[in-house]
Amino acid sequence: MDAYDPTPADRFSFGLWTVGNPGRDPFGEAVRPVLKPTELVKKLAECGAWGVNLHDNDLVPFGASAKERDTLVAEFKATLEDCGMVVPMATTNLFSHPIFKDGAFTANNPRVRAFALKKTLASIELGVELGAKIYVFWGGREGVECDACRDPRTAIARMRDALDFLCEYVKDRRYDLVFALEAKPNEPRSDIYMPTTGHMLHLISTLAHPEMVGVNPEVAHENMAGLSFVHAVAQAMEAKKLFHIDLNAQKIGRYDQDLRFGSEDLKQAFLLVRLLEGTAGGEPYRGPLHFDSHAYRTEDFDGVWEFARGSMRTYKLLKARAAEFDADPEVRQLVAEKRDPKLEPLLRGFSRDKAKQLAALELDASAVAREGLRYERLDQLLTEHLLGVR
């Protein structure tokens, strides 16, 4: 074991659907057998993970009887205790069953919307029973192919109604639980409502209990749209709404790949870890670090556990590189904030006098524009730290 091997103190978690992914895709059948949830928990614990997350049907098959449900949950809880594992987050599968073909909370049919709420309430009870403190919503079918089917404003209102209902339910039951909304631009539907983290943050501001709801950004989902995931996470952190995060990798412009974290854009992965860990001086993120990804279809189960260990090791390697980068004296000099004690008071907090002083300000714009910022050198230093030669 070395300094980069994961331990429970690192707060790493995986979903049952991640390491349990059998490698099926739209063009081919499964290449790995389906393991029992208890077996997945045991193997994750051996790999050094801290937690395991689940959809309701990852543990309890759709349509299971109450007796079957209780037996499965009891076995799962016993395995968690034996392995020293926790369930930090739970969620509901509102996308696989054909009833959700037109969405769940946003569907036109009120019977579908009622079933979605009923299923979510039961899933919340399961999550709370297992100790989850965070409940994630990914609207996998909350979207359209035929945009004429409903006014998008109606879909937004229905989503708001569902979230308000569920917040009231949690408050009424006095559960220690918060919600996190997960955005995605497309797939499995042509257009999904609330396609980015920014969309979700605005929706949260319109809810009856916005303090109970945050976001769960995912690397692949923002990258699918060609957007900066680091900026999305920063916006969520600045708003104090980063309740959970999904780590993986994605090639821009492709289908949702859920690749191993750090396996594609290492620079963006580095900048993300730097942001989350606060090595540049900002407030760090202290919540679960969840890997929502899966092993290549080429792998057997030995490859799956190599994938899991590799995901966690890459995060820790990048964390070490980020700390070294931000401790580098030359980097610190290049990123040091410029100070002007005369100007800075004018830039915060409006007053008529400040506006008057700014209007009278004499500043040589051309002279300022001629100043080089040395960002080429900064970026090269980042590259050299990533490559381990600095």
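The values are calculated or read from the model by the stated rules, or taken from the named source; none is laboratory data. Remember, predicted model here, so these are calculated numbers, not experimental data. In this analysis, Cβ positions are derived from the backbone assuming ideal geometry, glycine residues included, and neighbour counts consider all displayed protein chains.
General observations
- Helices (runs of 4 or more DSSP H) (entirely within the stretch 53-140) containing at least 2 residues that are assigned by TED's automatic domain parsing to the domain that holds N21, modelled with pLDDT of 95 or more and of a type in the set (A, V, I, L, M): 66-83, 110-129
- Take the conditions (1) buried (at least 17 other Cβ atoms within 10 Å of the Cβ); (2) at pLDDT 95 or above; (3) on the phi < 0 side of the Ramachandran plot; M224 misses just one of them, which is (2).
- Number of the exception - K267 against (1) surrounded by fewer than 17 Cβ atoms within 10 Å (Cβ to Cβ); (2) modelled with pLDDT under 95: (2)
- Any hit, the stretch 154-161, residues being in a strand (DSSP E or B) and in contact with a Gly (Cβ under 9 Å, 6 or more places away or on another chain): no
- Looking across the stretch 58-95, the residues that are within 24 Å of K43 (Cβ to Cβ) and among the hydroxyl-bearing types (S, T, Y) come down to T71, T79, T91.
- The residue that is nearest to E218 (Cα to Cα), among those in the stretch 124-147 that are surrounded by fewer than 22 Cβ atoms within 10 Å (Cβ to Cβ) and small (G, A, S), is G140.
- Tally, over the stretch 139-168, of residues that are within 21 Å of H244 (Cα to Cα) and in contact with a Ser or Thr (Cβ under 7 Å, 6 or more places away or on another chain): 4
- Verdict on E337 being surrounded by 11 or more Cβ atoms within 10 Å (Cβ to Cβ) and of a type in the set (D, E, K, R): no
- Residue count for the stretch 282-312, restricted to those that are touching a residue at least 24 places away in the same chain (Cβ under 8 Å) and among the acidic types (D, E): 4
- L181 being of a type in the set (A, V, I, L, M), in a strand (DSSP E or B) and closer than 26 Å to E129 by Cα: yes
Residues checked against (1) assigned to a loop (DSSP other than H, G, I, E, B); (2) among the β-branched types (V, I, T):
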| position | (1), (2) |
| --- | --- |
| K251 | yes, no |
| R254 | yes, no |
| G262 | yes, no |
| T279 | yes, yes |
| F307 | no, no |
| T314 | no, yes |
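- For D161, the conditions (1) surrounded by fewer than 22 Cβ atoms within 10 Å (Cβ to Cβ); (2) touching a Phe, Trp or Tyr at 6+ places or on another chain (Cβ under 6 Å) all hold with the exception of (2).
- Qualifying position, being out of contact with any Lys or Arg (no Cβ under 6 Å at 6 or more places or on another chain), within 22 Å of K133 (Cα to Cα), assigned by TED's automatic domain parsing to the domain that holds A155 and not small (G, A, S), among M200, M194, M224: M200
- Within the stretch 98-120, tally of residues that are surrounded by fewer than 16 Cβ atoms within 10 Å (Cβ to Cβ) and more than 16 Å from M159 (Cβ to Cβ): 4
- Any hit, the stretch 239-249, residues being closer than 28 Å to F165 by Cα and among the β-branched types (V, I, T): yes
- Residue within the stretch 17-29 that is under 21 Å from E129 (Cα atoms) and assigned by TED's automatic domain parsing to the domain that holds R313 present: yes
Rundown of residues vs (1) surrounded by fewer than 16 Cβ atoms within 10 Å (Cβ to Cβ); (2) modelled with pLDDT of 95 or more; (3) touching a helix residue (DSSP H, G or I) at 6+ places or on another chain (Cβ under 8 Å), yes/no style:
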| position | (1), (2), (3) |
| --- | --- |
| V273 | no, yes, yes |
| T279 | no, yes, yes |
| T298 | yes, yes, no |
| R313 | no, yes, no |
| K319 | no, yes, yes |
| E324 | yes, yes, yes |
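- Scanning the stretch 19-43 for residues that are within 23 Å of G287 (Cα to Cα) and either in contact with a strand residue (DSSP E or B) (Cβ under 6 Å, 6 or more places away or on another chain) or not in a helix (DSSP H, G or I) (or both) gives a single hit, V41.
- Checked against the criterion of being surrounded by fewer than 16 Cβ atoms within 10 Å (Cβ to Cβ) and modelled with pLDDT of 95 or more, the candidates R150, R174 yield just one match: R174.
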